[in-house]
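Have a look at the structure below before the remarks.
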């Protein structure tokens with residue numbers, strides 16, 4: 001699926017200055033979750049961005065997440081709470097939404113459509129932002145590196161980037177492909193007794209060249225540590241070699257739906273760099 005450039009999303013009119021106030025930034029992030037992030041721009045701006053469907057009322061009459069979050073802005077900031085008796089309304093003639101937040105119809109806030117900036121690729125570890133530096137960092141970078149790009153679209157030394165990464169992994173492990181996250185544990189459904197099940201990433205993976213079933217859970221895949229798309233489905237992680245990790249298809253499918261955790265990034269950064 002092609003990525004959006006630029007990625008248009010709706011943003012909240014946050015109170016205060018969370019771009020500079022880290023504590024306030026954390027309050028919004030805790031309250032609103034992955035919708036909120038620090039941008040990769042020079043000013044490290046912070047805001048919360050949503051898809052339009054998150055502004056619309058649900059079938060059961062409840063507010064969409066964006067509208068529900070907008071109603072909580074004042075209380076998160078520490079001001080008098082907004083009224084929660086009104087709905088988000090799309091303004092005629094524009095793509096923006098408004099939300100009445102007081103008894104007077106003139107008391108409203110606007111949730112506007114704009115370019116969602118690229119999210120920072122730094123992942124917080126022990127309270128500090130850290131860069132992903134995976135084990136393929138010493139490979140020559142492809143000529144085109146950018147947010148949202150796949151590992152199978154570019155070449156290194158006239159070899160598909162994904163294939164080259166797998167070659168380097170295999171060479172480092174005596175001809176077998178090893179997972180860069182071997183031993184990583186993660187929730188993977190329920191067992192026969194409907195109790196939560198925990199899976200463990202295997203050490204040795206199946207070679208994709210001899211495993212035609214692309215859904216084989218142990219088939220080796222090249223994974224974006226900083227995901228190719230963020231939670232808003234906007235371009236995020238790049239196809240830089242340092243952002244690559246070889247893991248099983250099963251773990252890749254699990255991680256793709258979740259933001260990178262500090263544990264995942266710590267493990268990847270601790271894998272010794274492979275020799276090309």
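Descriptive notes on the structure:
- Elements of type strands (runs of 3 or more DSSP E) in region 158-276, at least 1 residues being under 25 Å from residue 127 (Cα atoms): 185-190, 220-224, 244-248
- Of the residues 202, 142, the single one that is over 22 Å from the mean Cα position of the chain (by Cα), crowded, with 16+ Cβ neighbours inside 10 Å and over 19 Å from residue 268 (Cα atoms) is 142.
- Once region 84-103 is narrowed to residues that are touching a helix residue (DSSP H, G or I) at 6+ places or on another chain (Cβ under 9 Å) and within 17 Å of residue 8 (Cα to Cα), the residue that is modelled with the lowest pLDDT is 95.
- When 92, 98, 143 are screened for being in a strand (DSSP E or B) and free of Cβ contacts under 8 Å to residues at least 24 places away in the same chain, only 98 passes.
- When we screen 33, 78, 93, 64 for residues that are outside the structural domain of residue 261 (by TED's automatic domain parsing), farther than 24 Å from residue 261 by Cβ and surrounded by 13 or more Cβ atoms within 10 Å (Cβ to Cβ), the only hit is 64.
Yes/no per residue for (1) surrounded by 14 or more Cβ atoms within 10 Å (Cβ to Cβ); (2) at positive phi; (3) in contact (Cβ under 8 Å) with a residue 24 or more places away in the chain:
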position	(1), (2), (3)
171	no, no, yes
192	no, no, no
211	yes, no, no
223	yes, no, yes
250	yes, no, yes
259	yes, no, yes
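The values are calculated or read from the model by the stated rules, or taken from the named source; none is laboratory data. Note that the structure is a prediction, hence the values are computed from the model and not measured. Because the Cβ atoms are built from the backbone with ideal geometry, glycine has one as well, and the counts that use them run over all protein chains shown.
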